[in-house]
Amino acid sequence: MANQGWSSLPIATENLHQVLAVTNVLKISDDTIRRVMVIMDNEMKLGMSRHDNQRRQSSLQMENTYVRFLLDGTEEGRYMALDLGGTNFRIILIEMKAGKIVNETFNLFTIPEAVLCGNSNQVFDYLADSIEVFLTDNQLLDENIPLGFTFSFPMEQKSLDSGYLVTWTKSFRVTGGVGEDAVQNLKDAIQRRGGFSVNIVAILNDTTGTLMAGSYLDHQCQIGMILGTGSNASYVENLENIDKWTDPIDDPKQVLIDLEWGAFGDNGVLDFMKSEYDFEVNKKSNHVNSFT
């Protein structure tokens, strides 16, 4: 029935016409999809250009994550992870032996509405409070475990352990923090609590984390994609395809790229296919004309 269209459904003719009148604008033809593919390919190339003026033309950030290697089955030790992206915040502790997770502990924290619409210091203070609770509950306050920070917002990375916020998205209506290093902001919040032992070794987007998790399950995994409160993707790109790459092209001659495709079309390249509903949703969004 799925391939037979609306006409096969048991629905009154007059109601069918009403449904079609509303939904016809949502149909996307094969030609439109092909056109979007061409546009996306061009936006990706612009986003990886060495020239600032060309990169600014693209709606895709094509951010260098500084992650060069995927999991290969040799991982050993204990690691912590912070996962911030939606209204829930997770802290995870895992132990790995011979590339396999042998022990896992996690806590889930719900971020209060007052924090979601407060200032950036309140966000990072809440994260620091939650980390201290987790470390205390698991008797880890005196240990220095390497920690990865999944920060699921558009950011410009300068290194593996620094990420400068481009904009808050999703349900975060936060003031401040844009243009600031999220890792440093978290470290400052920890210091405001007197300091405790954590070693933040990496910051990454949730799509990059998804790709890394995929490589744990299948070493051939090359793409990570999020379909949730927001949508985004990351993938493994060859260095020779990245025009803006300025470091040596050395082994493994690859890096994970964060597309930030939630902003795809923010520059108007997809307006030809948007419906009245798309424009209306944009007007009512928390971030008008940005990541909608």
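For segment 88-223, the alpha carbon positions stretch 43, 36, 27 Å along the principal axes, listed from largest to smallest.
Relative to the longest principal axis of the Cα atoms of the chain, the long axis of helix 206-217 lies at roughly 80 degrees. THR229 contributes about 110 Å² of solvent-accessible surface, heavy atoms of the protein only, 1.4 Å probe.
Taken per residue, the accessible surface of the chain reaches 54 Å², heavy atoms only and a 1.4 Å probe. For SER152, the accessible surface of its heavy atoms amounts to roughly 10 Å² (probe 1.4 Å, protein chains only, rounded to the nearest 10). Considering only alpha-carbon pairs that sit under 8 angstrom and 6 or more positions apart, the relative contact order computed for segment 13-68 is 21 percent. Segment 120-157 and segment 55-113 have Cα centres separated by 12 Å.
The stretch between THR246 and THR136 holds 35.3 nm of extra length on full extension. This uses 0.36 nm per residue minus the Cα-Cα distance.
Which whole number in µm²/s is D for the chain by Stokes-Einstein, with the Kirkwood Rh taken over Cα pairs at 10 °C and 1.306 mPa s? Walk me through the numbers before you get to the answer.
Values: Rh = 21.3 Å.
It comes out at roughly 75 µm²/s.
On the basis of the beta-carbon distance and an R0 of 25 Å, VAL281 and SER29 show a calculated FRET efficiency of 0.70.
Only DSSP H runs of four or more residues enter the estimate; each adds -39500 (n - 2.57), and after division by the residues of the chain the mean residue ellipticity at 222 nm equals -9000 deg cm²/dmol.
Full extension of the chain between ASN238 and VAL201 yields a length gain of 10.9 nm, computed as 0.36 nm times the residue separation minus the alpha carbon distance.
If you put +1 on each Lys and Arg Cβ and -1 on each Asp and Glu Cβ, how big is the dipole of the chain around its Cα centre, in Debye rounded to 20?
Working: 23 positive and 40 negative charges, 108 e Å.
Dipole of the chain, to the nearest 20 debye: 520 debye.
With the whole protein complex present, TRP245 retains an accessible surface near 40 Å², based on a 1.4 Å probe.
With all protein chains present and a 1.4 Å probe, how do SER285, SER234 order by accessible area, largest first?
Working: SER285 30, SER234 0 Å².
My answer, sorted largest first, is SER285, SER234.
For segment 192-271, taking Cα atoms only, Rg and Dmax work out to 16.2, 51 Å respectively. The relative contact order of the chain comes to 20 percent, based on Cα pairs under 8 Å that sit 6 or more residues apart.
The simple Förster model, with R0 at 25 Å and r as the Cβ-Cβ distance, assigns GLN191 and GLU143 a FRET efficiency of 0.85. When the chain is described by a simple charge dipole with +1 on each Lys and Arg Cβ and -1 on each Asp and Glu Cβ, the residue from TRP245, THR136, ASN232 located farthest towards its positive end is ASN232.
Rounded to the nearest percent, how much of the accessible area of the chain (1.4 Å probe, protein heavy atoms only) is carbon and sulfur?
On the way: 8100 of 15800 Å².
Ligands and nucleic acids excluded, carbon and sulfur reach 51 percent.
Over 27 Å between C-alpha atoms is what I'm after, so list which of LYS158/LYS253; LYS45/LYS274; LYS45/LYS187; LYS45/LYS253 land there. List each step's numbers first, then the result.
Values: LYS158/LYS253 19 Å; LYS45/LYS274 23 Å; LYS45/LYS187 35 Å; LYS45/LYS253 18 Å.
Violating the 27 Å Cα-Cα cut-off are LYS45/LYS187.
The values are calculated or read from the model by the stated rules, or taken from the named source; none is laboratory data. All values derive from a computational prediction rather than experimental measurement. In this analysis, Cβ positions are derived from the backbone assuming ideal geometry, glycine residues included, and neighbour counts consider all displayed protein chains. Surface accessibility is based on the protein's heavy atoms, side chains included, excluding ligands, DNA and RNA. Shrake-Rupley method; radii C 1.70, N 1.55, O 1.52, S 1.80 Å.
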